[in-house]
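The values are calculated or read from the model by the stated rules, or taken from the named source; none is laboratory data. Just so it is clear, the model here is predicted, and its values are computed rather than measured. Cβ placement follows ideal geometry from the backbone for every residue including glycine, while neighbour counts extend to all protein chains displayed. Side chains included, ligands, DNA and RNA excluded: accessible areas come from the protein's heavy atoms. Shrake-Rupley method; radii C 1.70, N 1.55, O 1.52, S 1.80 Å.
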Amino acid sequence: MAQSPKTLINGCSDSRVDPAILTSAGPGDLFVVRNVANLVPPYERGGGLHGVSAAIEFAVQGLKVENVIVLGHRQCGGIRALVSGLYADSDSFIDRWVSIARPAHFRALAAHPEADQDTLCKYCELEAIKISLENLRTFPFVAEAIRSRGMELVGAYFDIESGRLLEFDEQKNEFVNLNV
Ligand SMILES: [Zn+2]
């Protein structure tokens, strides 16, 4: 029997943030991609081996999922690596990967110049979800699926400190409580 999940979740590899457990999903419900800091890279054809992009392509074009959720979380080690520069100036795979969220770091810094590093991480975690949603739209087949069959993009954030699940409200441009 073929799989026919309705939802693609792009989540973090963090062991505390399991998309299936968080959403009480069963086998066949979710097509899941997990990577450091739950990032979606921008659309690019050249160079590199694009594992995340391949998974997105298959979910959108092959499985025709109805929703794509970018699931971020509090205390993300990948975002902390970016904000702290822990792996910078090295041959680190982590540094190159989390640089996808560099615009999020700049936005967080600009909006909260006085924030301490941990608080800055929180804002960066939230902004990085928005960056990934923006990057998703740069994939031609994602843009087409939104236009032609109403596929939805959702930004979600799990605050592992409070246990709250938030959803990005595009109109308000802020994260609000998700009542599930
Ligand atoms: Zn993480």
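Name, by its number, the condition in (1) touching a Ser or Thr at 6+ places or on another chain (Cβ under 8 Å); (2) surrounded by 19 or more Cβ atoms within 10 Å (Cβ to Cβ); (3) not polar (S, T, N, Q) that does not hold for residue 112.
(2)
Can you find a residue that is of a type in the set (Gly, Ala, Ser), within 17 Å of residue 36 (Cα to Cα) and either at pLDDT 95 or above or touching a helix residue (DSSP H, G or I) at 6+ places or on another chain (Cβ under 8 Å) (or both) anywhere in the stretch 140-157?
yes
Under 8 Å by Cβ, and 6 or more places apart or on different chains, what pairs join a residue from the stretch 69-89 that is within 26 Å of residue 6 (Cβ to Cβ) with one that is assigned to a loop (DSSP other than H, G, I, E, B) and of a type in the set (A, V, I, L, M)?
Qualifying pairs under 8 Å: 70/40; 71/17; 73/17; 73/160.
Hey, does the stretch 146-153 have a residue that's in a strand (DSSP E or B), out of contact with any Phe, Trp or Tyr (no Cβ under 8 Å at 6 or more places or on another chain), away from the ligand (no atom under 16 Å from the Cβ) and in contact (Cβ under 8 Å) with a residue 40 or more places away in the chain? Can you show your working first?
Of all residues in the stretch 146-153, those in a strand (DSSP E or B) come to 152-153.
This time we only want the ones that are out of contact with any Phe, Trp or Tyr (no Cβ under 8 Å at 6 or more places or on another chain), so: 152-153.
Now narrow it down to the ones that are away from the ligand (no atom under 16 Å from the Cβ): 152-153.
Within this subset, residues satisfying the condition of being in contact (Cβ under 8 Å) with a residue 40 or more places away in the chain are 152-153.
Scanning the stretch 146-153 turns up at least one residue that is in a strand (DSSP E or B), out of contact with any Phe, Trp or Tyr (no Cβ under 8 Å at 6 or more places or on another chain), away from the ligand (no atom under 16 Å from the Cβ) and in contact (Cβ under 8 Å) with a residue 40 or more places away in the chain.
I need a count of the residues in the stretch 1-21 that are away from the ligand (no atom under 13 Å from the Cβ) and surrounded by fewer than 18 Cβ atoms within 10 Å (Cβ to Cβ).
Residues flagged as away from the ligand (no atom under 13 Å from the Cβ) and surrounded by fewer than 18 Cβ atoms within 10 Å (Cβ to Cβ) within the stretch 1-21 amount to 7.
Which of the following residues is touching a residue at least 60 places away in the same chain (Cβ under 8 Å) and assigned to a helix (DSSP H, G or I): 110, 128, 143?
Every option except 128 fails the conditions.
Name the residues in the stretch 52-83 that are open to solvent by 30 Å² or more (accessible area, probe 1.4 Å), away from the ligand (no atom under 11 Å from the Cβ) and not hydrophobic (A, V, I, L, M, F, W, C), would you?
Scanning the stretch 52-83 gives 57, 61, 62, 64, 66, 67.
If a residue must be open to solvent by 60 Å² or more (accessible area, probe 1.4 Å) and within 16 Å of the ligand (Cβ to nearest atom), how many such residues does the stretch 22-49 contain? Working first, answer last.
Looking only at the stretch 22-49, we keep the residues that are open to solvent by 60 Å² or more (accessible area, probe 1.4 Å), and these are 23-24, 27, 29, 32, 34, 43-45, 48-49.
Now narrow it down to the ones that are within 16 Å of the ligand (Cβ to nearest atom): 32, 34.
Result for the stretch 22-49: 2.
Would you mind stating whether residue 108 is touching a Phe, Trp or Tyr at 6+ places or on another chain (Cβ under 6 Å) and among the small types (Gly, Ala, Ser)?
Yes, satisfied.
Quick check: is even one residue across the stretch 84-103 surrounded by fewer than 19 Cβ atoms within 10 Å (Cβ to Cβ) and touching a Ser or Thr at 6+ places or on another chain (Cβ under 6 Å)?
No: zero hits.
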